[in-house]
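Before any comments, here is the structure.
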Amino acid sequence: MIYKDCDIRGVYGEELKLDEVRLIGRALGTMLSGRSIIVCGDVRTSTPDIRKELIQGLMETGGNIIDIGIVPTPVAYYAKSKECLNAYALAIVTASHNPAKYNGIKLMIGSLPPTPEDIRKIAGLVKSEKFRFSEGSTVNLDVRGAYEKKMLALSGRNERTLKVVLDIGNGTTAGIARSVYENCGYEVCELFPEADGNFPNRNPNPADFKNLKAICQKVIDEHADFGVAFDGDGDRAVFIDDKGRPVINEKSLIMLTKLKSAGCEPGFSVVYDQKCSRIVPDTIEELGGEAILERSGHAFIKKRFLENKSLLAGEISGHFFFRELGHDDGMYAGLCIGNYIIGSGRRFSELAETIPTPHISPDLRYKVSYDRMDDVLKSIRDDFSGYPVSDYDGIRVELPNAWFLVRKSVTAQEMTLRIEAESDKKLDEIRENIENWYFAE
């Protein structure tokens, strides 16, 4: 099943096949009716073939294509903006943080990310093959220089030089991230800087802290002020403090909120995903803002963020959205963290330690077949009927001094579990029970 709620994604060659990609291109071209679309991709080894078929399908149905090549996803978002190329739509060939065998297509149609209905419309056109055939056009443009200038204009050049370790992870920020940070005055050390779509050195998901051992050690060895680990396509980031410790993304979102809300009148809003610890909405409200909960998933968070004209938005997966950009950007998020460190006059570790550390699990993932997922959710609902239960997205159960959330992954054949409790002991007890009751083989 490649048609997800937020995008199109699957294992290349098994689920995502080239003949269907060409039909997806025709479906998009039919929906666009000749309007402009930017096409680009990440560094995965399957990306060139997928891009070729996608562009061919668009060409056959009248697509007005602007090909910007292999670029990080945030560069593609900037390229689409009114400030840059002002294109109507965007198609990025990427599987973001997924392992190398995956690939897919991230979309924007008009000013908003696709809704599940948009994805279903594409799937319906692919199935019916009721396409609008017309001759399209293609132009090739390089927007990387324009993006670098935008980052410098927003972040400024540091008066106090910080040393930063950038973990490229062999991903799509190769080359450009170093240039962006050096232009802004940073002393840069890199890890795994060569683009390699096989991701030979680490999994492209930095939100899983077991993938961060190398950068944590590198920050210590280099006596760096902080580190930034990017995902495969550069729209996510996780930060490492000067003691070589990953900073949970709730704390990162809180620090970014403190930075961006300075000087704001009360009433600004920040969107956060429902898997975040309670420390996030509590801090936003203490700072005079409105904390807006949204279901997990990039497209859902981004849509709510844009509709509310929010100051910021964030997910525990490492997506950070900024009003001044109108989208998420892992490279810019790292520049903002650097500015927060400089403005505070303190070490990053000290800043992180001022924020309470919640007793909260990482995003735990369990392999569950698609045909069993609804049964798992129904069982949880029935078993916990005596407690407050929300089904906004998955099942969230409020327990005494704790909560847990079980939901379907929007990117893989998995279910995710997130738990917050009053102690680590209580958290482990809840986790073991959920695993044994619902996820045991």
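The values are calculated or read from the model by the stated rules, or taken from the named source; none is laboratory data. From a predicted model like this one, the values you see are computed outputs, not experimental measurements. Don't worry about glycine lacking a Cβ; one is built from the backbone with ideal geometry, like all the others, and counts go over all protein chains shown. Heavy atoms of the whole protein, side chains included, go into the accessibility calculation; ligands, DNA and RNA do not. Shrake-Rupley method; radii C 1.70, N 1.55, O 1.52, S 1.80 Å.
Here are a few things to note about the model shown:
- Per residue, the chain exposes 40 Å² of solvent-accessible protein surface, assessed with a 1.4 angstrom probe and all protein chains in place.
- Principal axis dimensions, largest first and in whole angstrom, of segment 38-78 by Cα: 27, 24, 9
- Square roots of 5 times each gyration tensor eigenvalue, C-alpha, segment 112-185, largest first, Å: 40, 16, 13
- Protection proxy ranking, peptides 304-311, 53-60, 100-107, average beta carbon neighbours within 10 Å, highest first: 100-107, 53-60, 304-311
- Distance between modelled label sites at Ala153 and Arg35, nm, 7 Å Cα→Cβ extension: 2.4 nm
- Whether the chain is rounded, prolate or oblate, judged on the alpha carbon gyration tensor where a/c under 1.5 counts as rounded: oblate
- Using the Cβ of Asp374 as centre and a radius below 11 Å, the other residues enclosed give a net charge of +2, where K and R count +1 and D and E count -1.
- Taking the square roots of 5 times each eigenvalue of the Cα gyration tensor of segment 203-336, largest first, gives ellipsoid semi-axes of 25, 16, 13 Å.
- Mean shadow area of segment 270-326, taken as a quarter of the surface of its Cα convex hull (nm²): 3.5 nm²
- Positive minus negative residues near Glu83 (Lys, Arg vs Asp, Glu; Cβ under 13 Å): +3
- Taking only protein heavy atoms and a 1.4 Å probe, the accessible area of the chain is 46% carbon and sulfur.
- Per-pair calculated FRET efficiency, R0 = 25 Å: Asp19 and Arg132 via Cβ, rounded to 0.05: 0.80
- For the chain, built as a Gaussian network whose Cα springs stay under 10 Å, the top-fluctuating residue of His223, His97, His298: His223
- On full extension, the segment bounded by Lys82 and Glu324 gains 85.8 nm, given 0.36 nm per residue less the C-alpha separation.
- Within the chain, helix-based [θ] at 222 nm, where runs of 4 or more DSSP H residues each add -39,500 (n - 2.57), nearest 500: -11000 deg cm²/dmol
- By a 1.4 Å probe calculation restricted to protein chains, Arg323 has an accessible surface near 120 Å², given to the nearest 10.
- Using a probe of 1.4 Å, the accessible surface attributed to Lys17 totals some 100 Å² when neighbouring protein chains are kept in position.
- Taking the empirical scaling 2.2 N^0.38 Å for compact globular proteins as reference, segment 1-140 has a Cα radius of gyration ratio of 0.93.
- In terms of packing, defined here as the mean over residues of other Cβ atoms within 10 angstrom, the peptides 249-260, 133-144 line up highest first as 249-260, 133-144.
- Each residue of segment 328-342 was assigned a 3J(HN,Hα) from its phi angle through the Karplus curve 6.51 cos²θ - 1.76 cosθ + 1.60 (θ = phi - 60°); the sequence is 8, 7, x, 5, 5, 4, x, 4, 5, 4, x, 5, 5, 4, 4 Hz, with glycine and proline shown as x.
- Percent breakdown of C-alpha pair distances by 10 Å bin, ordered from the shortest bin, for segment 296-380: 13, 30, 34, 17, 6, 0
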